[in-house]
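First up is the structure itself, then whatever we jot down about it.
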Amino acid sequence: MDRKIDARVIRLLKETKNLDEENLKSCFIKAENKQNSPIPIIAANTQISEVELLEIIAQDFRTEYIDLRNSAIEKLLIKKVPVKIASYYKFAPLHLENRVLTIARAYPLDIKILDEIRTHLGYSINVVLSTEQDVNEMLKKYYGLGASTVEKIIAQKAYDHVTSKKQDDLVDDLEETGELTSVIQLVNQIILEAFTKRATDIHIEPYRNKLRLRYRIDGILYDANVSPEINNFLIPILSRIKLMSNLNIVEKRVPQDGRAIVQVQGQTLDLRVSFIPTPHGESVVIRILPTVMLFGLDKLGLTPLELDFFKQLIHKPHGIIFVTGPTGSGKTTTLYACLSSINTNARKIITIEDPIEYELEGITQIQITPEVGLDFSRGLRSMLRHDPDVMMVGEVRDLETAEIAIRVALTGHLVFSTLHTNDAASGITRLIDIGLEPYLVASSVDAFIAQRLLRLNCPHCKAEDTQVVPGLKAQILKELGKNDDEEIKIYRGKGCQACNFTGFYGRTAIHEILVLNEKLKALTSTKASSDEIKKCAVAAGMKTLRQSGWLKVLEGQTTTDEVLRVTQADALPDNIVPVDETVYDLKKDGKPSKMLKIEMPEKIEKTIKPHDQRIHERVEDKLYVHYKMFKTKAKDSGGLEYEPELIGVTKNISAGGILLNSSEQISKGTILDVKMEMPNNERQIECLAKVIRCTEFVQNKNYEIAICFLDLASAERSRLNRYINNVSS
């Protein structure tokens, strides 16, 4: 930084904002040591925003402040301004006109630096000001993450040595290349970027002539923009990560798992590293975990009533509490929050996990090691000899573990564990399916808690959603048992820089809490189905996952699409994929083994004719319908694929077909994969269907679509008829 410009800025801020001169000089010294702009440091030490400071400086230097979040750079300009010039002088090129290049920077430049840039690029330079964060984000967005570091590696002599060798030959000097200063910096940038963007996982995946870097943010994977040249540095990058994780840098033929502790922006992170071999090099996934447990029970998204209920459950003296859900639904985090809540000096708490995700002070934690014979069942037996009051088993996977956990609970211990089931009721049938006696389940288990994670609307760009599917609000109120006339607002994030233009920022949990009362215990003892158990639980007041999600929607926390995404059925019916009226029956390896021809029955055709000619009774009712269209790929490309899933609401229903309100136009004759939600948490109606009419309503730009069922099973048609008879009566 230029001393004259610094003195001018200090004098300007002292006169216009009455800031202390010594404090300003201290900020400039800190910025010089870090080789950054002093403006963010001044803003952090005063009550003045960075934008306001830059606007004052821009006016004095006869330039302007630009908000780069709404700016874009042409690709041609990126090619004309090398990344090494832009990163060295810390500016983002904006536009080039009449050989005058406008650049954005976080601090004014002196004439000497301007002359250097002009000499390098051959253009006259016009400087505008923007925040340091926006300039850095602009450089990463258009040049790629770590692009300047890649340039430095290319300039090093070791570059030719690394890239000239094949992977199989690269045994010597790997430690040296892994410890190159620029390689260390590049790996640090990848981890820092993940932390800054709130990522939970980093995926580094090699392909032929390409290296892919992805971050998992709020449960969804996003590609990171990286320089194409980074593909040449896969081996040094992986070597550096292996050195950090104390892994064998020479071994590339077998999977390896390791761990590293790093500090980022004052916070200590635990990195769980996993390598697997692939045809084009090793693929690595880095799980990012804070070393300190960050969540309490009040931070899990529970309603006040659910929170009180949770506290009652976890303070019971004995029994088992199961948290259920698919992988990545936050089960372990919920269990950790429960243990932290009851962790006192009066209790001995022991856990056995795979892996240990958080270190909890005051709790004895065991990491299972199958290769030496320490599995869940053996560890659980050993834990009993340590006089525990509370035990946590990471997951019940087999009959032996389940039996030991049940006996532990029956002998006066409180046990927490997890199961992989879709809902709470399925937890009962899962335990019975793996071999437990029903009476043991009924007498030992206190509750099953199903859980899902929902993405939250970004608070910075959240706005009312005016494109809601017709009838959706009424259906939400109906499922929650509220008055249909009640006015509700549904919100959605538009997308901004704070949320990476996704519209979502952070996640929360929704829960389905099933407590085994006497009726449910009786059903469990008779090996009742999960559907029967769920109906009984709902009748007793259990709130389903869908209802819990709707409450989050009414509070403006999330979108209807997000609730439907995490609470709908996971699998497609019977893996059947149709094109026109031909169905491929996929049986082996995803390839067609035989072809079936679907002939549309004449009686189904009649359902679209006037009412007096219909053979099925039709009633007006509103139910959700999830449907997918199919498109044909080229014959040599391997078959068929789905279009994205759409959602509509029925206008009327019969056992032969439905009339559907939709915001999308669908051509007559289109084959659909249909899943129709049923009330009272009954199983979905699933079948193939054909569009026989599509009518547009010009006023609200919506469509009314008539659909006839093609392959509806007789049992499902009977179930639908019974429902229609109940509605009509």
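The values are calculated or read from the model by the stated rules, or taken from the named source; none is laboratory data. Small disclaimer: the values here were computed from a predicted structure and weren't measured. Every residue, glycine among them, receives a Cβ derived from its backbone with ideal geometry; neighbour counts consider all protein chains shown. In case anyone asks, the SASA skips ligands and DNA or RNA and just uses the protein heavy atoms, side chains included. Shrake-Rupley method; radii C 1.70, N 1.55, O 1.52, S 1.80 Å.
Residues in region 664-699 that are in a loop (DSSP other than H, G, I, E, B) and open to solvent by 60 Å² or more (accessible area, probe 1.4 Å): 664, 665, 667, 668, 680, 682, 683, 698, 699.
In the set 466, 421, which member is assigned to a loop (DSSP other than H, G, I, E, B), among the polar types (S, T, N, Q) and out of contact with any strand residue (DSSP E or B) (no Cβ under 7 Å at 6 or more places or on another chain)? Exactly one of 466, 421 is assigned to a loop (DSSP other than H, G, I, E, B), among the polar types (S, T, N, Q) and out of contact with any strand residue (DSSP E or B) (no Cβ under 7 Å at 6 or more places or on another chain), namely 466.
Look at (1) out of contact with any Phe, Trp or Tyr (no Cβ under 8 Å at 6 or more places or on another chain); (2) closer than 19 Å to residue 448 by Cβ; (3) modelled with pLDDT under 90; (4) buried (at least 16 other Cβ atoms within 10 Å of the Cβ) and you find that residue 333 fails only one, number (1).
Applying a threshold of 9 Å to beta carbon distances and a minimum spacing of six or more residues, or different chains, the list of pairs starting in region 434-448 at a residue that is touching a residue at least 60 places away in the same chain (Cβ under 8 Å) and charged (D, E, K, R) and ending at one that is part of a loop (DSSP other than H, G, I, E, B) and surrounded by fewer than 18 Cβ atoms within 10 Å (Cβ to Cβ) reads 446/316; 446/318.
Here residue 309 meets the list (1) part of a loop (DSSP other than H, G, I, E, B); (2) surrounded by fewer than 20 Cβ atoms within 10 Å (Cβ to Cβ); (3) not β-branched (Val, Ile, Thr) almost entirely, failing just condition (1). Taking the criterion of being among the β-branched types (Val, Ile, Thr), out of contact with any Leu (no Cβ under 9 Å at 6 or more places or on another chain) and outside any helix (DSSP H, G or I), the residues of region 357-389 that qualify are 364, 369. Look at region 1-10 and say how many of its residues are among the hydrophobic types (A, V, I, L, M, F, W, C) and surrounded by fewer than 13 Cβ atoms within 10 Å (Cβ to Cβ). Final tally of qualifying residues: 1.
Picking from 57, 73, 78, which residue would you name as being under 25 Å from residue 16 (Cα atoms) and either touching a residue at least 12 places away in the same chain (Cβ under 8 Å) or surrounded by 18 or more Cβ atoms within 10 Å (Cβ to Cβ) (or both)? Being under 25 Å from residue 16 (Cα atoms) and either touching a residue at least 12 places away in the same chain (Cβ under 8 Å) or surrounded by 18 or more Cβ atoms within 10 Å (Cβ to Cβ) (or both) holds for just one of 57, 73, 78, which is 57. Going through region 193-208 one residue at a time, which ones are open to solvent by less than 70 Å² (accessible area, probe 1.4 Å), assigned to a helix (DSSP H, G or I) and not aliphatic (A, V, I, L, M)? Across region 193-208, the qualifying residues are 193, 195. If you check residue 317 against the conditions, is it part of a loop (DSSP other than H, G, I, E, B) and out of contact with any Phe, Trp or Tyr (no Cβ under 6 Å at 6 or more places or on another chain)? Yes, satisfied. With respect to the conditions (1) over 20 Å from residue 201 (Cβ atoms); (2) modelled with pLDDT under 85; (3) buried (at least 17 other Cβ atoms within 10 Å of the Cβ), residue 228 lacks only one, and its number is (3). For region 516-529, taking the residues that are buried (at least 19 other Cβ atoms within 10 Å of the Cβ) and in contact (Cβ under 8 Å) with a residue 12 or more places away in the chain, the one that is nearest to residue 137 (Cα to Cα) is identified as 516.
Here region 471-515 is the region considered, the condition is being out of contact with any His (no Cβ under 9 Å at 6 or more places or on another chain), aromatic (Phe, Trp, Tyr) and not in a loop (DSSP other than H, G, I, E, B), and the residue that is surrounded by the fewest Cβ atoms within 10 Å (Cβ to Cβ) is 491. Scanning region 11-30 turns up no residue that is closer than 20 Å to residue 137 by Cα and open to solvent by less than 80 Å² (accessible area, probe 1.4 Å). Residue 680 meets the conditions (1) in contact with an Asp or Glu (Cβ under 6 Å, 6 or more places away or on another chain); (2) modelled with pLDDT under 80 in every case but one. The failed one is (1). Looking only at region 113-123, decide whether some residue is assigned to a helix (DSSP H, G or I), in contact with a helix residue (DSSP H, G or I) (Cβ under 6 Å, 6 or more places away or on another chain) and of a type outside the set (Lys, Arg). Yes, the conditions are met somewhere in region 113-123. For the condition part of a helix (DSSP H, G or I), open to solvent by less than 30 Å² (accessible area, probe 1.4 Å), at pLDDT 50 or above and within 25 Å of residue 682 (Cα to Cα), residue 562 qualifies. On the stretch given as region 439-459, residues that are assigned to a strand (DSSP E or B) and open to solvent by 20 Å² or more (accessible area, probe 1.4 Å) total 5. In region 266-283, the qualifying residues are those that are open to solvent by less than 40 Å² (accessible area, probe 1.4 Å) and under 15 Å from residue 249 (Cβ atoms), and the one that is nearest to the chain's Cα centre (by Cα) is 273.
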